Amino acid sequence: MKILLLSCCAPCSCAVIEKMAQEKADFSVVFYNPNIRPFAEYEKRLQENKTVCEKYGVNFISLEYDNERWCSLTQGLENEPERGKRCDICFEMRLIRVMEYAKSNGFDAVASVLGASRWKDLAQVNRAAQRASQKTSVPYIEIEARKSGMQERRLFLTKDLNLYNQRYCGCKPIQD
Ligand code: SF4
């Protein structure tokens, strides 16, 4: 099965990429994150994710940065908390685009690390993925990115590879 793995950043995806590469899975990583602002931050995360893929010999695909579309879809939800309604739309928008890309480019299924962080509601991500899957007819695979030592491995690799580890999800910088 040929899988397209949606990654939001290097720290969230490094352990999953390492494991899938070790298992010789047939997969590519796709970076589609028009939610990330400012653009310099987006570029930084993209480059870091690309470097991790190069390290493990994994194909890396970068899709368009359509932040204007993301803003128009989430308009009116600016004050929603993280894990709220804005995130529902954000997850679904990104997954639909990636599933459409998967369908046109010979992938059998999509997976993601959008719920890898402990700050995320994994059930919310999985519900958004199911909606995206119904709309596109592309299967979604729920991969383990938290349990079975994955969280520990992720923390280890983030440190070991000296990965840039941002302090906010994407759309709203933390106020110091
Ligand atoms: S907090 Fe993260 S997942 Fe939620 S809307 Fe913002 S960028 Fe998207």
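For region 1-60, a residue qualifies if it is of a type in the set (S, T, Y) and either touching a Gly at 6+ places or on another chain (Cβ under 9 Å) or on the phi > 0 side of the Ramachandran plot (or both), and exactly one does: Y42.
One residue stands out in region 68-83 among those that are assigned to a helix (DSSP H, G or I) and closer than 13 Å to G170 by Cα: the one that is nearest to the ligand (Cβ to nearest atom), namely W70.
Is it fair to say K55 is out of contact with any Pro (no Cβ under 7 Å at 6 or more places or on another chain), at pLDDT 95 or above and farther than 29 Å from L157 by Cα? Considered against the rule, which asks whether it is out of contact with any Pro (no Cβ under 7 Å at 6 or more places or on another chain), at pLDDT 95 or above and farther than 29 Å from L157 by Cα, K55 comes out as no. Here is the figure for region 84-117: residues that are in a loop (DSSP other than H, G, I, E, B), in contact (Cβ under 8 Å) with a residue 60 or more places away in the chain, of a type outside the set (V, I, T) and closer than 23 Å to P11 by Cα total 3.
Selection of first residues in region 13-24 that are free of Cβ contacts under 8 Å to residues at least 60 places away in the same chain and of second residues that are small (G, A, S) and part of a loop (DSSP other than H, G, I, E, B), restricted to Cβ pairs under 8 Å at least 6 apart or on distinct chains, gives the following pairs, ordered by first then second residue: A21/G57.
Each residue in region 152-174 was checked for being among the basic types (K, R), surrounded by fewer than 17 Cβ atoms within 10 Å (Cβ to Cβ) and either closer than 18 Å to P81 by Cα or touching a Cys at 6+ places or on another chain (Cβ under 7 Å) (or both), and 2 pass.
Taking region 89-104 as the range and being under 14 Å from the mean Cα position of the chain (by Cα) and of a type in the set (F, W, Y) as the test, only F91 passes.
The residue that is nearest to the ligand (Cβ to nearest atom), among those in region 158-174 that are among the charged types (D, E, K, R) and modelled with pLDDT under 95, is K172. Determine, yes or no, whether L6 is within 16 Å of the ligand (Cβ to nearest atom), aliphatic (A, V, I, L, M) and either in a helix (DSSP H, G or I) or farther than 18 Å from W70 by Cβ (or both). No: the conditions fail for L6. In region 30-46, the qualifying residues are those that are out of contact with any strand residue (DSSP E or B) (no Cβ under 7 Å at 6 or more places or on another chain) and closer than 23 Å to N105 by Cα, and the one that is surrounded by the fewest Cβ atoms within 10 Å (Cβ to Cβ) is P34.
For R154, the test of being outside any helix (DSSP H, G or I), in contact with a helix residue (DSSP H, G or I) (Cβ under 9 Å, 6 or more places away or on another chain), touching a residue at least 24 places away in the same chain (Cβ under 8 Å) and not acidic (D, E) is failed.
What number of residues within region 47-58 satisfy the criterion of being surrounded by 12 or more Cβ atoms within 10 Å (Cβ to Cβ) and not in a helix (DSSP H, G or I)? Selection size over region 47-58: 1.
The values are calculated or read from the model by the stated rules, or taken from the named source; none is laboratory data. This is a predicted model, so every value here is computed, not measured. Using ideal geometry, Cβ is built from the backbone for each residue, glycine included, and neighbour counts are taken over all protein chains shown.
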